[in-house]
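See structure below.
Derivation of every value follows stated rules applied to the coordinates shown; laboratory data play no part. These numbers come from a predicted model, not from an experiment. Counting neighbours? That spans all protein chains shown, and the Cβs are built from the backbone with ideal geometry, glycine included.
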Amino acid sequence: MEKPALQQVITLQVKVVYCLLAAFALSIIALLDYLKQEQVFALVAASFSALLVVYASYLLLRRKKRTAPYVEWTLTLLLGFFTIFGMQQESYVAQWVYFFPIYVFFLFPFTIANYITLTYSAVIFLVVLNNFDSYIRLQLLFTYTACYAFSLVYALVNERSNMMLSNLINTDPLTQVYNEDQFHHNMNKEITRADRQRTGLALIIIRLPATWQQQKAEEYENRIANAGHRLQSSIREFDTCYRLNNDDFVVMLPNSSREEGEDLCEKLLTYISKIRHAEQNVFLIKMATYRPEDDSYSLLKRAASQFEESN
């Protein structure tokens, strides 16, 4: 399994576990409501619990990432309308508002979830002011604020953890440039963009000096790290550098012509060759431009094959 796919599976599993835990909590609320002879609220709680179980099963069976979160929006709107209008009919519904921010931050990305909860909080604030006395009003707003703050802090920590996980999965730990898995992921996106916008796309591949293979492991890694840093600092702002599994480096040049690629090849060769004993540390650089029949693998193979042709 590719690393980006692994990250998606982990995120999916976390969401499924949360949905099942939330469904279990709602089933307990439904039972308590039923014992208190609150049949309507028991039915609502049981319905939301069943919907979450169905949604978790749907995620497990489908697995493939969807382009639009229709199910998440449907569940969120149902819960939002139920709490907003239900509170105006029965004060007992107020306990459901504490569940909303936690629920939303688990279902949506941080930025979208933050906008949803801020909008919802403004509406709830007005509903509480208009339908409850001062003592109950203070209790509700304080508890809701505490739940919202907890959800916000948790979402921020989770967002930061996801970014760190993404960097760990997508970058090479030695050179801090992107790895081969991320190369194929990004290259396929750039190929799609090049086809759609009819723009150029070039790929530069850099092979390390053959003499480096004779070095000790620690010295070899130090040289690779130094080469990666030199490449990263000498490419253009919109170009990206990658280290392949065979220790070759590649530089992706979106919206670039062959002439621009050749100019950058000369610049890279001059810059990374500025080391001691340059005659013993000869880098090989080749370039290939995108053709309509290419995918990320064929373009990379065509660029690398030039090393064998030049021997």
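Worth a mention:
- Relative contact order of the chain: 15 percent, from C-alpha pairs under 8 Å at least 6 residues apart in sequence.
- FRET efficiency, 1/(1 + (r/R0)^6) with R0 30 Å, evaluated for K36 and T145 via beta carbons: 0.65
- Only Lys, Arg, Asp and Glu carry charge here, each on its Cβ (+1 for the first two, -1 for the last two); on that basis the chain has a dipole of about 320 debye about its Cα centre.
- Rounded to the nearest whole Hz, the Karplus-based 3J(HN,Hα) values (6.51 cos²θ - 1.76 cosθ + 1.60, θ = phi - 60°) of the range 111-122 follow the sequence 4, 5, 4, 5, 5, 5, 5, 5, 5, 4, 4, 5, with x at glycine and proline.
- Modelled label reach - L59, point 7 Å along Cα→Cβ, the range 102-125 residues with backbone N closer than 17 Å: 102-114
- Cα-centred dipole magnitude for the range 180-310, charges only on beta-carbon of K, R (+1) and D, E (-1), debye, nearest 20: 180
- With kT/(6 pi eta Rh) evaluated at 4 °C and eta = 1.567 mPa s, and Rh the Kirkwood radius from Cα pairs, the range 119-246 diffuses with a coefficient of 66 µm²/s according to Stokes-Einstein.
- Principal axes of the range 180-310: Cα extent on each, largest first, Å: 46, 28, 25
- For the range 156-254, share of DSSP beta bridges that run antiparallel, in % to the nearest 5: 90
- Taking 1.567 mPa s as the viscosity and 4 °C as the temperature, the Stokes-Einstein diffusion coefficient of the range 197-259 based on its alpha-carbon Kirkwood radius rounds to 100 µm²/s.
- If you look at the Cα atoms of the chain, you get an Rg and a Dmax of 27.7, 88 Å.
- Dipole axis of the chain (+1 Lys, Arg; -1 Asp, Glu on Cβ), positive-most option in F41, H229, L284: F41
- Spin-label pair N246/D263, simplified geometry with 7 Å Cα→Cβ offset, distance in nm: 3.1
- Cleavage-rule hits, GluC sites (Glu not before Pro), the range 185-252, DSSP coil, Cβ neighbours within 10 Å at most 15: E237
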